[in-house]
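The values are calculated or read from the model by the stated rules, or taken from the named source; none is laboratory data. Keep in mind the model is a prediction, meaning the values are calculated, not measured. Cβ coordinates were reconstructed from backbone atoms using ideal geometry, including for glycine residues, and neighbour counts include every protein chain displayed.
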Amino acid sequence: MHLVDIHLEKGIAEANRRAAEENAARLHAAGVRAYDLLGAIGSGKTALIERLVPRLTDIGLKAGAIAGDVYGDDDFQRLIALGIPAVNVNTGKECHLDAHLVSHALDDLPLEAIDILFIENVGNMVCPTDFLLGASKRVVVVSSTEGDDVVSKHPMIFRESGIAVVNKVDLAPLVGADLTRMTRDIARYHPGMPVFMTNLKTGEGIGPLLDEILKG
């Protein structure tokens, strides 16, 4: 039984890898840079998109989004309120998006009218890590309200990402979170990865983060 489970997992991983490569090639051919946004529920993934889209519009870049959730369309409604093309993807019982779901979502997006695509993954710090989607880069978002040990409890998501965002920095004193510890832990698990401190309620820190995203 264990051998069957192992072979099944390998088969799923390989199928996802191939689909992710196909997504990446499709996005590249369309001239779209995609960013897979990872993080827990409430960390600020949707708020991040809400802050970035107007700034992208100001410099003449067109954004699009895929909203991933187990159920519902709350985040999707916030995204379409920005006036950008977006697709809602419900995963049912699955706690992550996979490359096949993203492929179907791409079918419903006008890729020719998108420069930057945000793929907002399901709110989870574990499940999405092993499933690449074909994005150019992964951005992991955590908040001070999750506790300053959140990084040390979820090292793999930081090792597998290219940009880290520590959000709700204004609330750190109120919840007793040590921001220095959080950044130190990120550097321990992914040395050299850029880390951005933000308060997405006010937009604090969004400028430097946008500059990093625009580097490609």
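Things to note:
- Scanning segment 14-34 for residues that are under 18 Å from residue 127 (Cα atoms) and touching a helix residue (DSSP H, G or I) at 6+ places or on another chain (Cβ under 7 Å) gives 16, 19, 20.
- Residue 119 being farther than 30 Å from residue 85 by Cβ and either modelled with pLDDT of 95 or more or outside any loop (DSSP other than H, G, I, E, B) (or both): no
- Checklist (1) over 16 Å from the mean Cα position of the chain (by Cα); (2) not in a loop (DSSP other than H, G, I, E, B) applied to residue 31, failing item: (2)
- Residue, farthest from residue 49 (Cα to Cα), within segment 70-116, restricted to residues that are assigned to a loop (DSSP other than H, G, I, E, B) and charged (D, E, K, R): 93
- Among (1) buried (at least 21 other Cβ atoms within 10 Å of the Cβ); (2) within 16 Å of the chain's Cα centre (by Cα); (3) farther than 20 Å from residue 214 by Cβ - the single one residue 139 does not satisfy: (3)
- Pairing residues of segment 158-178 that are touching a residue at least 40 places away in the same chain (Cβ under 8 Å) and under 12 Å from residue 198 (Cβ atoms) with residues that are of a type in the set (Ser, Thr, Tyr) and part of a strand (DSSP E or B), at Cβ distances under 6 Å and at least 6 apart in sequence or on separate chains, gives 167/143; 168/143.
- Subset of segment 14-28 that is surrounded by 15 or more Cβ atoms within 10 Å (Cβ to Cβ), more than 16 Å from the chain's Cα centre (by Cα) and of a type in the set (A, V, I, L, M) - its residue that is farthest from residue 139 (Cα to Cα): 19
- Being at negative phi, touching a residue at least 60 places away in the same chain (Cβ under 8 Å), among the charged types (D, E, K, R) and surrounded by fewer than 22 Cβ atoms within 10 Å (Cβ to Cβ) is not true of residue 94.
- Looking across segment 53-69, the residues that are outside any strand (DSSP E or B) and either of a type outside the set (D, E, K, R) or touching an Asp or Glu at 6+ places or on another chain (Cβ under 8 Å) (or both) come down to 53, 54, 56, 57, 59, 60, 61, 62.
- Residue count for segment 174-194 under the criterion of being buried (at least 19 other Cβ atoms within 10 Å of the Cβ) and outside any helix (DSSP H, G or I): the result is 2.
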